[in-house]
1. Counting just the residues of segment 45-82 that are within 19 Å of the chain's Cα centre (by Cα) and small (Gly, Ala, Ser), which one comes out modelled with the highest pLDDT?
2. Among (1) touching a Gly at 6+ places or on another chain (Cβ under 9 Å); (2) at pLDDT 95 or above, there is one condition Ala103 misses while meeting the rest; what is its number?
3. Among residues belonging to segment 1-44 that are among the aliphatic types (A, V, I, L, M), under 26 Å from Thr156 (Cα atoms) and open to solvent by 80 Å² or more (accessible area, probe 1.4 Å), point out the one that is farthest from the chain's Cα centre (by Cα).
Amino acid sequence: LVYPTSYFPFKYAQHLGLLLPSLTQLVVFGTLFLLAFDFPATLDLSFGTAMMALVSMTVENLLYFLLCFPIQLVAFWADNVWSVLVLFRLVSSLLGGLLIPLALFPEAAHQILAYTPFPLLYAVPVNTLMGNVPPAEWAANVAIALVWCVTISGVTWIVWQRGRHHYTGVGI
């Protein structure tokens, strides 16, 4: 609120800065793994799938940030939001397919998850990288993720507007 820049871009730049070491590790160790071991037969990696996966990961990273941002804004009213963010990370990892592959979920869960942004966070970029997503489905997934981004941005703006009027700026 008192920074000489807009708060949202500042927080997103912080988010990207925290992501950079993880991305570097992924690229280095992923490349070393593929060089040291046989290339998995189930991995249909091409330049096209790599570029589609890169776009997917970029959009899904923005979506994850936007999903976390309104939770962080709860700090206008609460002293500690860290535990809520940890809970969100757990739920999004579970429902997004990071902890358990979505294929192991029952069919009823698939139908419910189709209306949430969670599969877009992890399962879609991974399946895209593996070459399991055709270009038309990939484009639809990116469009859906962008719609979620716009929707969540609207919610975030409402929470921001209400919270900043509640903020008192006590302490530093």
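1. Ser56
2. (2)
3. Taking the candidates together, the pick is Val2.
The values are calculated or read from the model by the stated rules, or taken from the named source; none is laboratory data. These numbers come from a predicted model, not from an experiment. Neighbour counts are summed over all protein chains in view; Cβ atoms, including those assigned to glycine, are modelled from backbone coordinates with ideal geometry. Just the protein is used for accessible areas: all its heavy atoms, side chains included, with ligands, DNA and RNA removed. Shrake-Rupley method; radii C 1.70, N 1.55, O 1.52, S 1.80 Å.
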